[in-house]
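A.B. asks: Quick one: the structure is below, and I'll ask about it shortly.
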Amino acid sequence: MLPRGDTVVWAERGGPAVTNLPATGYMNLADIEAAARAVVPPPQWDYIAGGAADETTLAENSAAYRRIRLRPRVLRDVAQRDLTTTVLGEPIAFPVLLAPVSPLSLACPQAELLAARAAAQAGVRMIAPTQGAHTIHELAAQATAPLWFQLYPSCNRAVTEALIDQAQAAGCTALVVTLSAFYASFRERDRRSGYSVPAELWAANLLHLPGVRPDDPDFDRVLPITWADLAWIRARTTLPLVLKGIMTAEDAELAVEQGIAGLIVSNHGGRQLDGTLPTIEALPEVVEGAAGRCEVYLDGGIRRGTDVLKALALGARAVCIGRPYVWGLAWNGEAGVLRVLEQLRSELDSAMAQMGRRTIADLDR
């Protein structure tokens, strides 16, 4: 039987510190992934781990980082390093966010609540999912830091409006509109297993909306929105909008014209269109298209602190992680998420020192 996680404590320096690190055992995120796989039933694991079709993009999201080489500078004073930064003007302890993942409760009971607490404790942002076992109000009550809210626009406009209103009422500070999952994909692992997610694990936000009934034919149908629909969403809310799923310079330029505050370079973790660019390879052209007029983030394939560093050097303001913190939840709940975040933070800190860079702003191409 694999041991449980290490004790995680928080130091006064504003970040986590893991005590009693074992000489063998859990040394990196791959070890935590293996521990999680040992406790999650195979059908649920395939849902968490799988991608679309041949899973080429899923694999490339991680593999692409290994093709990028680093150019370290020496003889610089990097004895004191500062990993803090801001996202949409909000300070965070280091440039990693928890991406919206649904349903998180496949990993463990109360997973969304545990993740929200861990993100707040770590001093980073969680993007709360539309689809989960807990409402945005329940998550906000657990978090001691602001949440961002992911929005899947519904075919029922009243449902979309109600979700936006609830996010604002819960104190969310940004709205993340997901663009990369409007159409069904060929996730063959799920088709082979026949697994489908029970409604109680993903429908809490929808079922708590006034007047919404699960027998409504549009209850859970996602609207494939256009730029015109996006303008309507902008007019509905005062929250800054972040678009998740931008992969080209052309769409980045259109987003800037719409007054979008942030872009997440994302291919939905390789779960939608197989054969698309890995996100780290799409990042430079999106950064070029945005041209400093909005913030650019990235998700997909982050497994090491050096991956974070490479994304920042290529223009990302911060990165979002998905599967790694799900592994942490399955392995050891809230403490597991904290351990995943600390692993990335420690690796990033070490890499910055060896690259001769003292602050996040010092990282450049």
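The values are calculated or read from the model by the stated rules, or taken from the named source; none is laboratory data. Predicted model only: the values in this text are computed from it and were never measured. Every residue, glycine among them, receives a Cβ derived from its backbone with ideal geometry; neighbour counts consider all protein chains shown.
A.B. asks: Among the numbered criteria (1) at pLDDT 95 or above; (2) of a type outside the set (F, W, Y); (3) under 19 Å from R323 (Cα atoms), which single criterion is violated by A52?
C.D. replies: Unmet for A52, out of (1) at pLDDT 95 or above; (2) of a type outside the set (F, W, Y); (3) under 19 Å from R323 (Cα atoms): (1).
A.B. asks: Counting only residues that are surrounded by 13 or more Cβ atoms within 10 Å (Cβ to Cβ) and touching a Leu at 6+ places or on another chain (Cβ under 8 Å), which one in the range 69-89 is nearest to T276 (Cα to Cα)?
C.D. replies: V87
A.B. asks: For the range 200-222, what are the residues that are modelled with pLDDT of 80 or more and among the small types (G, A, S)?
C.D. replies: If the condition is that a residue be modelled with pLDDT of 80 or more and among the small types (G, A, S), then A203, A204 are the ones that fit.
A.B. asks: Kindly provide the set of residues from the range 34-74 that are part of a loop (DSSP other than H, G, I, E, B), touching a helix residue (DSSP H, G or I) at 6+ places or on another chain (Cβ under 7 Å) and β-branched (V, I, T), ordered by number.
C.D. replies: V39, V40, I68
A.B. asks: Please specify each residue of the range 56-74 satisfying the condition of being within 18 Å of D364 (Cβ to Cβ) and more than 21 Å from the chain's Cα centre (by Cα). Write out each step before concluding.
C.D. replies: Filtering the range 56-74 down to residues within 18 Å of D364 (Cβ to Cβ) leaves 65, 68-74.
I68, R69, L70, R71, P72, R73, V74, listed by residue number.
A.B. asks: Another question, then. If P91 satisfies all but one of (1) over 24 Å from A282 (Cα atoms); (2) in a helix (DSSP H, G or I), what's the number of the condition it fails?
C.D. replies: The one condition P91 does not meet is (2).
A.B. asks: Quick one: N267 ticks every box in (1) polar (S, T, N, Q); (2) over 18 Å from the mean Cα position of the chain (by Cα); (3) surrounded by 23 or more Cβ atoms within 10 Å (Cβ to Cβ) except a single one, so which number is it?
C.D. replies: Result: N267 fails condition (2) only.
A.B. asks: Residue check: is Y297 among the aromatic types (F, W, Y) and part of a helix (DSSP H, G or I)?
C.D. replies: Taking the combined requirement at face value, the residue does not satisfy it.
A.B. asks: Right, another one. Given the conditions (1) crowded, with 24+ Cβ neighbours inside 10 Å; (2) touching a Gly at 6+ places or on another chain (Cβ under 7 Å), report the number of the one that I92 does not fulfil.
C.D. replies: Unmet for I92, out of (1) crowded, with 24+ Cβ neighbours inside 10 Å; (2) touching a Gly at 6+ places or on another chain (Cβ under 7 Å): (1).
One line per residue, one yes/no per condition, for (1) in contact (Cβ under 8 Å) with a residue 40 or more places away in the chain; (2) over 22 Å from the mean Cα position of the chain (by Cα):
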site	(1), (2)
G123	yes, no
P129	no, no
A133	yes, no
D165	no, yes
C172	yes, no
V176	yes, no
A184	no, no
S193	yes, yes
P210	yes, yes
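A.B. asks: Let me ask you something else. Between residues in the range 28-51 that are farther than 15 Å from V197 by Cβ and residues that are among the aliphatic types (A, V, I, L, M) and outside any helix (DSSP H, G or I), which pairs lie under 7 Å by C-beta distance while being six or more apart or on different chains?
C.D. replies: That search, which allows pairs on different chains as well, returns A35/L2; A38/L2.
A.B. asks: Which pairs do you get when a residue that is modelled with pLDDT of 95 or more, found in the range 314-325, comes within reach of a residue that is surrounded by 24 or more Cβ atoms within 10 Å (Cβ to Cβ) and of a type in the set (D, E), reach meaning Cβ atoms under 8 angstrom, with the pair 6+ apart or on two chains?
C.D. replies: V319/D299; V319/D307; C320/D299; I321/D299; G322/D299
A.B. asks: Among the hydroxyl-bearing types (S, T, Y), assigned to a helix (DSSP H, G or I) and in contact (Cβ under 8 Å) with a residue 40 or more places away in the chain - does that describe any residue in the range 101-111?
C.D. replies: yes
A.B. asks: From L239, L273, L314, grab the single residue that is farther than 28 Å from G123 by Cα, surrounded by fewer than 23 Cβ atoms within 10 Å (Cβ to Cβ) and not aromatic (F, W, Y). Let's see the steps before the verdict.
C.D. replies: Details: L239 fails: farther than 28 Å from G123 by Cα; L314 fails: farther than 28 Å from G123 by Cα.
None of the other options fit; the residue is L273.
A.B. asks: Sticking with this one: How many residues does the range 33-75 hold that are of a type in the set (S, T, Y) and either more than 24 Å from L348 (Cβ to Cβ) or touching a strand residue (DSSP E or B) at 6+ places or on another chain (Cβ under 9 Å) (or both)?
C.D. replies: 3
A.B. asks: If you check D362 against the conditions, is it surrounded by fewer than 24 Cβ atoms within 10 Å (Cβ to Cβ) and free of Cβ contacts under 8 Å to residues at least 24 places away in the same chain?
C.D. replies: yes
A.B. asks: Something else about it: Looking for whichever is part of a loop (DSSP other than H, G, I, E, B) and either in contact with a Phe, Trp or Tyr (Cβ under 7 Å, 6 or more places away or on another chain) or charged (D, E, K, R) (or both) here; the options are T130, T144. Which one fits?
C.D. replies: Going through T130, T144 in turn, the sole match is T130.
A.B. asks: Taking the residues in the range 171-183 that are closer than 16 Å to T276 by Cβ and hydrophobic (A, V, I, L, M, F, W, C) as candidates, determine which candidate is modelled with the highest pLDDT.
C.D. replies: The extreme case among them is L179.
A.B. asks: Can you name the number of the only condition in (1) farther than 30 Å from V197 by Cβ; (2) modelled with pLDDT of 95 or more; (3) buried (at least 17 other Cβ atoms within 10 Å of the Cβ) that A64 fails?
C.D. replies: (1)
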